[in-house]
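The values are calculated or read from the model by the stated rules, or taken from the named source; none is laboratory data. Owing to the predicted nature of the structure, the values given are computational and were not obtained by experimental measurement. Every residue, glycine as well, gets a Cβ built from its backbone with ideal geometry; the counts of neighbours run over all protein chains shown. Please note that ligands, DNA and RNA were not included when accessible areas were found on the heavy atoms of the full protein model with its side chains. Shrake-Rupley method; radii C 1.70, N 1.55, O 1.52, S 1.80 Å.
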Amino acid sequence: MEGLYQEVLAITLRTLWISGTATILAISWSIPLSLILISSKNRISIFIQDFFNALISLPTVVLGLALYLILSKSGPLGFLGLLYTPLAISIGQSILITPILVSMITSSFQKLRDEVWETAITLGASEFQASIALLREGTLLLIRAILAGFNRAVGELGVALIVGGNIKGFTRVLTTTIALELTKGNFELAIYLGIVLLTLSTIVTVAIRSLGLRGAYR
Amino acid sequence: MLIDKMITLENVWFSYEDEHYVLRNISLSVCEGVTVIKGPNGSGKTTLLKIASLLLKPKKGHVIVEGTSFWSASRSVREKLRRKVVYVHEKPYLFKGTVYDNIAYPLKIRGYDLSRVVDVAKEFGVGKILNTNVNELSAGMRQLVALARTFVFKPKYVFLDEPLANLDDENKSRIIRIIEKYARKGIAIVVATHMNINFRKEIVSKIAFMNNGVIVKVSKYK
Ligand SMILES: Nc1ncnc2c1ncn2[C@@H]1O[C@H](COP(=O)(O)OP(=O)(O)OP(=O)(O)O)[C@@H](O)[C@H]1O
Ligand SMILES: [Mg+2]
């Protein structure tokens with residue numbers, strides 16, 4: 001029982017770490033990209049937004065396969081030696097959740113942008129200062145998008161399995177362990193991990209909902 | 001009147017969507033004192049104000065600010081000119097935080113001293129609610145805060161969109177008095193409205209009547 005508990009804890013922490021890293025990576029380019037997209041209301045920007053919207057439902061195994069081909073020894077980035085490392089999973093998941101972040105940020109910021117941007121600019125803000133004001137006014141919306149992305153990263157299986165390789169004590173995360181333990185007939189561990197996963201995503205979902213409500217009563 | 005001390009629209013055309021012009025061939029200059037733009041709902045007052053306050057770029061024509069054609073100027077020149085001009089929306093957006101935070105905002109981003117905030121707040125009748133969160137304000141209060149935030153940084157050109165909407169009689173006359181006071185100090189104030197506002201005659205420099213995207217008549221008083 002003691003060993004089981006420690007294993008569940010280790011896998012949970014590793015999952016949070018890997019998917020947390022993925023989320024931070026995705027934030028680092030999704031926020032600037034979203035700000036650019038909503039500040040230029042032309043056809044190209046609308047096209048890119050539609051494109052990201054379509055990518056939200058990208059099957060994780062397809063992304064995993066593509067990354068595998070790129071990162072494998074004979075692939076173009078094979079020399080980096082990233083395949084079957086936690087970083088490979090983080091990178092894969094960060095790509096996976098970028099469309100979610102960009103779509104949620106751009107759509108929820110659109111109306112806010114018109115008001116905040118116009119107000120800040122006319123009161124003398126530079127475009128940079130206006131962007132800061134927009135982020136500050138939209139903090140809740142932003143956190144909401146980030147949580148949704150994190151939730152998707154924690155819960156996905158395809159990328160973690162294909163580019164992570166499910167190596168014990170190294171790249172094994174909640175979803176991949178559940179899949180593996182089930183095939184081995186080890187239901188006990190699988191169920192514990194399933195409960196942890198469900199709890200995590202419920203907490204995040206509730207947080208997203210309640211932030212949404214608070215945003216609405218602004 | 002000095003040409004280089006004003007904002008002039010020259011043959012301005014504007015459309016939000018392609019092909020449908022909501023402003024057609026507008027020429028108008030804004031100078032010291034109060035300029036009133038009157039017209040029914042949907043006639044283009046707000047659009048005209050946003051163009052003159054440098055927020056919207058005309059599809060055709062020029063916006064000349066103190067002798068410089070604004071949209072052909074470099075980015076740094078544009079930022080400098082823009083800082084003299086301010087537009088107040090009919091339903092103003094207030095930033096999250098307190099009344100004080102909002103009135104201080106234009107001063108903060110310019111790196112100015114914040115000591116004026118309290119006096120200006122008093123002048124606009126919001127001195128007692130400086131620490132109130134803006135979530136808790138009524139529509140009229142929000143309007144007063146937005147106006148205080150506008151005049152606090154001593155702009156040269158002020159564009160007010162329906163500034164008396166939501167205000168009760170006491171606050172209406174308060175705002176009219178304040179507009180007149182700043183106009184007398186040499187600020188150019190443009191007021192768009194569908195109402196009749198009783199400004200003192202000597203303050204009003206011109207009234208432009210709009211209908212369906214064009215200026216149909218201008219009455220000049222100075
Ligand atoms: N964001 C927008 N997108 C498309 N069309 C718009 C937009 N804003 C205004 N219009 C159209 O432009 C025209 C002029 O609108 P505008 O808001 O300038 O009129 P207004 O005189 O300010 O009206 P009101 O008195 O109701 O405020 C209207 O036909 C309106 O439908
Ligand atoms: Mg209007």
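A few remarks follow.
- Number of the condition not met by residue B:11 [criteria: (1) surrounded by fewer than 16 Cβ atoms within 10 Å (Cβ to Cβ); (2) within 15 Å of ligand 1 (Cβ to nearest atom)]: (2)
- When the residues of segment A:15-40 are filtered to those that are open to solvent by less than 30 Å² (accessible area, probe 1.4 Å) and farther than 14 Å from residue A:97 by Cα, the one that is modelled with the highest pLDDT is A:15.
- For segment B:161-182, the set of residues classified as open to solvent by less than 50 Å² (accessible area, probe 1.4 Å) and under 16 Å from the mean Cα position of the chain (by Cα) consists of B:161, B:162, B:163, B:164, B:165, B:175, B:176, B:178, B:179, B:180, B:182, listed by residue number.
- Flag for residue B:158 being surrounded by 22 or more Cβ atoms within 10 Å (Cβ to Cβ), in contact (Cβ under 8 Å) with a residue 40 or more places away in the chain and within 16 Å of ligand 1 (Cβ to nearest atom): no
- Of the strands (runs of 3 or more DSSP E) lying entirely inside segment B:1-83, those containing at least 1 residues that are within 16 Å of ligand 2 (Cβ to nearest atom) and in contact with a His (Cβ under 9 Å, 6 or more places away or on another chain) span B:33-38.
- From A:94, A:57, A:74, residue being in contact (Cβ under 8 Å) with a residue 24 or more places away in the chain and either surrounded by fewer than 17 Cβ atoms within 10 Å (Cβ to Cβ) or touching a helix residue (DSSP H, G or I) at 6+ places or on another chain (Cβ under 6 Å) (or both): A:94
- Residues located in segment B:191-222, provided they are within 19 Å of residue B:11 (Cα to Cα) and either surrounded by 17 or more Cβ atoms within 10 Å (Cβ to Cβ) or within 15 Å of the chain's Cα centre (by Cα) (or both): B:206, B:207, B:208, B:210, B:213, B:215
- Number of residues in segment A:97-137 that are of a type in the set (Lys, Arg) and either buried (at least 23 other Cβ atoms within 10 Å of the Cβ) or without any contact (Cβ under 8 Å) to a residue 40 or more places away in the chain (or both) equals 2.
- All positions within segment B:78-89 that are surrounded by 14 or more Cβ atoms within 10 Å (Cβ to Cβ) and either under 20 Å from residue B:187 (Cβ atoms) or at pLDDT 95 or above (or both): B:81, B:82, B:83, B:84, B:85, B:86, B:87, B:88, B:89
- If you go through segment B:140-153 and keep only what is away from chain A (no Cβ under 11 Å) and more than 16 Å from ligand 2 (Cβ to nearest atom), you end up with B:140, B:141, B:142, B:144, B:145, B:147, B:148, B:151.
- Out of A:119, A:106, A:98, A:202, sole residue that is part of a helix (DSSP H, G or I) and within 13 Å of another protein chain (Cβ to nearest Cβ): A:119
- Number of positions in segment B:98-139 that are surrounded by fewer than 18 Cβ atoms within 10 Å (Cβ to Cβ) and either in contact with a helix residue (DSSP H, G or I) (Cβ under 6 Å, 6 or more places away or on another chain) or in the same structural domain as residue B:79 (by TED's automatic domain parsing) (or both): 3
- Close contacts from segment B:45-66, counting a first residue that is away from chain A (no Cβ under 13 Å) and open to solvent by 40 Å² or more (accessible area, probe 1.4 Å) and a second that is within 16 Å of ligand 2 (Cβ to nearest atom) and hydrophobic (A, V, I, L, M, F, W, C), with Cβ to Cβ under 8 Å and a gap of 6+ residues or different chains, come to B:59/B:14.
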